[in-house]
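The values are calculated or read from the model by the stated rules, or taken from the named source; none is laboratory data. Just so it is clear, the model here is predicted, and its values are computed rather than measured. All Cβ positions, even for glycine, are placed from backbone atoms using ideal geometry, and neighbour counts span all protein chains on display. We work out accessible area using only protein heavy atoms, side chains counted, and drop any ligands, DNA or RNA first. Shrake-Rupley method; radii C 1.70, N 1.55, O 1.52, S 1.80 Å.
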Amino acid sequence: IYNAVKQLSVFYSQNSNIDWFLILVDDGSTDKSKEEIFKSIKDFDSTFDNFKVESVFLDKNQGKGAAIQAGLKSKKADFYCYFDVDLSIDYKKAIPDAIKLSKDNDLIMGQRSDFGFSGYGKIRNMGSSFFNFISRYFFGLRYKDIQCGFKFFNNKAKNFALATERSRFSFDLEFLLR
């Protein structure tokens, strides 16, 4: 968490024409995530005029979707983005690209292979491929990487994310179906 926030703070400071709010959501973790979040806020919040770090803590693990919704409810903005803390996409490319594409799109989503990510093992890759195939075949979604953690969207799409009922693994699928 700490290293990701450090990298992001530098990126955001270099894009100072935008005010950035980084919301770190802890989904009831029992590891040291909370400590890492507090350390990140202490070291990086207000480091740059345009970069603020805030946190949301859920009492118990409720799933990815619940964590995303808690983060979305915590701040009003023109655009929202969520991505995994492992930074499995090249955010230095993905965020500026998404900003450009947002003029004509309500939702922009990443595809890990576009950014050269191949950090998962065979079983995880097979599971992801199968889930994506099922999602395309049964639901008609044309996306290749539904579970990619990078989604960038406006307030219209935010309303769909907040209306999503699934709070765990299938959050992204239901969000995209809305």
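When 34, 39 are checked against the criterion of being charged (D, E, K, R), part of a helix (DSSP H, G or I) and touching a helix residue (DSSP H, G or I) at 6+ places or on another chain (Cβ under 8 Å), 39 stands alone in meeting it. Among the conditions (1) surrounded by 13 or more Cβ atoms within 10 Å (Cβ to Cβ); (2) out of contact with any Leu (no Cβ under 6 Å at 6 or more places or on another chain); (3) farther than 19 Å from residue 152 by Cα; (4) of a type in the set (Val, Ile, Thr), residue 30 misses just one, which is (1).
Scanning region 58-74 for residues being out of contact with any Gly (no Cβ under 9 Å at 6 or more places or on another chain) and farther than 13 Å from residue 166 by Cα gives a total of 5. Inside region 43-95, can you point out the residues that are over 21 Å from residue 30 (Cα atoms) and among the charged types (D, E, K, R)? Within region 43-95, 43, 45, 49, 52, 73, 75, 76, 78, 90, 92, 93 meet the criteria. So which residues in region 1-24 are among the polar types (S, T, N, Q) and assigned to a helix (DSSP H, G or I), if there are any at all? Those that are among the polar types (S, T, N, Q) and assigned to a helix (DSSP H, G or I): 3, 7, 9, 13, 14. All of (1) at pLDDT 80 or above; (2) surrounded by fewer than 12 Cβ atoms within 10 Å (Cβ to Cβ) hold for residue 126 with one exception: (1). Can you work out which of the residues in region 133-178 that are open to solvent by 20 Å² or more (accessible area, probe 1.4 Å) and acidic (Asp, Glu) is farthest from the chain's Cα centre (by Cα)? Ranking the candidates gives 165 first.
Residues checked against (1) open to solvent by less than 60 Å² (accessible area, probe 1.4 Å); (2) touching a strand residue (DSSP E or B) at 6+ places or on another chain (Cβ under 9 Å); (3) in contact (Cβ under 8 Å) with a residue 60 or more places away in the chain; (4) not basic (Lys, Arg):
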| residue | (1), (2), (3), (4) |
| --- | --- |
| 63 | yes, yes, yes, yes |
| 68 | yes, yes, yes, yes |
| 71 | yes, yes, no, yes |
| 80 | yes, yes, yes, yes |
| 89 | yes, no, yes, yes |
| 94 | yes, yes, no, yes |
| 98 | yes, yes, no, yes |
| 101 | no, yes, no, yes |
| 104 | no, no, no, yes |
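Only residues that are modelled with pLDDT under 80 and assigned to a loop (DSSP other than H, G, I, E, B) were counted across region 135-177, and they come to 10.
Each row is one residue, and each column tells you yes or no for (1) assigned to a loop (DSSP other than H, G, I, E, B); (2) modelled with pLDDT under 95; (3) among the β-branched types (Val, Ile, Thr).
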position: 26; (1), (2), (3): no, yes, no
position: 30; (1), (2), (3): yes, yes, yes
position: 43; (1), (2), (3): no, yes, no
position: 70; (1), (2), (3): no, no, no
position: 75; (1), (2), (3): yes, yes, no
position: 86; (1), (2), (3): yes, yes, no
position: 94; (1), (2), (3): no, yes, no
